[in-house]
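S.K.: The structure's right below; bear with me while I get my questions together.
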Amino acid sequence: MLTKATTLWALCTTMALSAHANETVTVAGSTSVSHVMDILAEHYLIKHPDSKINVQGISSSAGIVALQTGTAEIGMSSRIVNANELDDNYTITPIAHDGIALVVNPTNPVNNVTRAQIDNIYHGITKNWQQMGGNNEKIAVVSRENASGSRFSFEHFMELTKNVAGFTVSDINPEVLVVSTNGMVKSLIARNQQAIGYLSFGSVDSSIKPLSYDGVTPNINNIRSGEYKMARPFLIMYKKQGLSTNAKQFIQFLTSDDAKKIINDNGYIAEQS
């Protein structure tokens, strides 16, 4: 009888440990951060095959809500988090820095834009590429949805906002085409010779062309030195209490030297200790 009881206890303990080991850690938020977070999770799982990491790119604001409601243990943001969004019960940790690149179709002859030109384009004043030294074609202006950290950072940097009844709101032309992810911005611009938009520098590839901004090329060296001004942090957020063991281990990995190398190798700038 003792042998059976001992065996049953061992079986239950093993099942409990197995269930704990397989707990899924949900990481939700910025689609910009999710691009590198997917890569980080893949590397983490190679050394921790019993773990499960679910990365959801939904937007910075939605990631904060997911964290608050408990549908995610770790949030991601590509913008500064305001004090009224997360209180002292949460930890906010920068893991990287990223540039915001203004991008066009590779066939577009325009290579540089100024702050004034971007202001006019997104306010609907400049409507033809010929006014920018390009072809005689209408400009198709692309932006992100309101909850996007990329949009928040872009509009904040470019001062494309206004104050309405004490609230800061977007002041861009309401006729711009709004899409929900970096991938959609990239796909649309890759197919449309007249389009212009903005996205995470780490998401730039040969299907689109990044523009110099005020004569400065968006590249790692210029972002790191601060010469390229349009940059923002990549943040992770989590509760100070109640984290699962798996979440704690993954967070430790995200701030490790191994993670920093992965971040740097994939076109971002890792946060230095």
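The values are calculated or read from the model by the stated rules, or taken from the named source; none is laboratory data. This one's a predicted model, so the numbers in the text were calculated from it and none came from an experiment. Every residue, glycine among them, receives a Cβ derived from its backbone with ideal geometry; neighbour counts consider all protein chains shown. Side chains are part of the model used for accessible areas, which takes the heavy atoms of the whole protein and leaves out ligands, DNA and RNA. Shrake-Rupley method; radii C 1.70, N 1.55, O 1.52, S 1.80 Å.
S.K.: Do we have any residue at all in the range 224-247 that's among the hydrophobic types (A, V, I, L, M, F, W, C) and more than 17 Å from the chain's Cα centre (by Cα)?
M.R.: Yes - at least one qualifying residue is present in the range 224-247.
For every residue, the table says whether it meets (1) open to solvent by less than 10 Å² (accessible area, probe 1.4 Å); (2) within 23 Å of Glu271 (Cβ to Cβ); (3) among the charged types (D, E, K, R).
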{"residue": "Ile189", "(1), (2), (3)": "yes, no, no"}
{"residue": "Gln193", "(1), (2), (3)": "no, no, no"}
{"residue": "Ser203", "(1), (2), (3)": "yes, yes, no"}
{"residue": "Ser206", "(1), (2), (3)": "no, no, no"}
{"residue": "Ser212", "(1), (2), (3)": "no, no, no"}
{"residue": "Gly215", "(1), (2), (3)": "no, no, no"}
{"residue": "Asn222", "(1), (2), (3)": "no, yes, no"}
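S.K.: Right, another one. Would you confirm whether or not the range 66-74 contains a residue that is over 19 Å from the mean Cα position of the chain (by Cα), over 30 Å from Lys261 (Cα atoms) and either open to solvent by 10 Å² or more (accessible area, probe 1.4 Å) or not aromatic (Phe, Trp, Tyr) (or both)?
M.R.: yes
S.K.: From the list Ser34, Ser77, Ser61, which residue is closer than 18 Å to Ala259 by Cα, open to solvent by 10 Å² or more (accessible area, probe 1.4 Å) and hydroxyl-bearing (Ser, Thr, Tyr)?
M.R.: Ser34
S.K.: For the range 37-50, give me each residue that is open to solvent by less than 40 Å² (accessible area, probe 1.4 Å) and either modelled with pLDDT under 95 or of a type in the set (Phe, Trp, Tyr) (or both).
M.R.: Scanning the range 37-50 gives a single hit, Tyr44.
Table: residues versus (1) under 23 Å from Asp88 (Cβ atoms); (2) touching a His at 6+ places or on another chain (Cβ under 9 Å).
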{"residue": "Ser203", "(1), (2)": "no, yes"}
{"residue": "Ser206", "(1), (2)": "no, no"}
{"residue": "Leu211", "(1), (2)": "no, no"}
{"residue": "Pro218", "(1), (2)": "no, no"}
{"residue": "Asn221", "(1), (2)": "no, no"}
{"residue": "Gly226", "(1), (2)": "no, no"}
{"residue": "Ala231", "(1), (2)": "no, yes"}
{"residue": "Gly242", "(1), (2)": "yes, no"}
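S.K.: Which of the residues spanning the range 167-187 are hydrophobic (A, V, I, L, M, F, W, C), loosely packed, with under 15 Cβ neighbours inside 10 Å and in contact with a Gly (Cβ under 9 Å, 6 or more places away or on another chain)?
M.R.: Leu177
S.K.: Of (1) open to solvent by 70 Å² or more (accessible area, probe 1.4 Å); (2) more than 22 Å from Gln193 (Cβ to Cβ); (3) at pLDDT 95 or above, Glu159 satisfies all except one. Which?
M.R.: (3)
S.K.: Next question, about the same structure. Which numbered condition in (1) of a type outside the set (Gly, Ala, Ser); (2) modelled with pLDDT of 95 or more; (3) over 30 Å from Val27 (Cα atoms); (4) loosely packed, with under 13 Cβ neighbours inside 10 Å is the only one that Val164 fails?
M.R.: (2)
S.K.: Need the failing condition index for Tyr268 against (1) of a type in the set (Ser, Thr, Tyr); (2) free of Cβ contacts under 8 Å to residues at least 40 places away in the same chain; (3) under 16 Å from Ser77 (Cα atoms), just the number.
M.R.: It fails just one condition, (2).
S.K.: Which of the strands (runs of 3 or more DSSP E) contained wholly in the range 51-135 include at least 2 residues that are free of Cβ contacts under 8 Å to residues at least 60 places away in the same chain?
M.R.: Qualifying strands (runs of 3 or more DSSP E): 52-57.
S.K.: Where the second residue is of a type in the set (Lys, Arg) and the first is within 11 Å of Ala101 (Cα to Cα) and lies in the range 185-199, which pairs have Cβ atoms under 9 Å and are six or more apart or on separate chains?
M.R.: Gly197/Arg144; Gly197/Lys186; Tyr198/Arg144; Tyr198/Arg151; Leu199/Arg144; Leu199/Lys186
S.K.: Kindly list, by first and then second residue, each pair from a residue in the range 237-258 that is assigned to a helix (DSSP H, G or I) to a residue that is surrounded by 15 or more Cβ atoms within 10 Å (Cβ to Cβ) and among the polar types (S, T, N, Q), limited to pairs with Cβ atoms under 6 Å and residues at least 6 apart or on different chains.
M.R.: Matching pairs, first to second residue: Asn246/Ser51.
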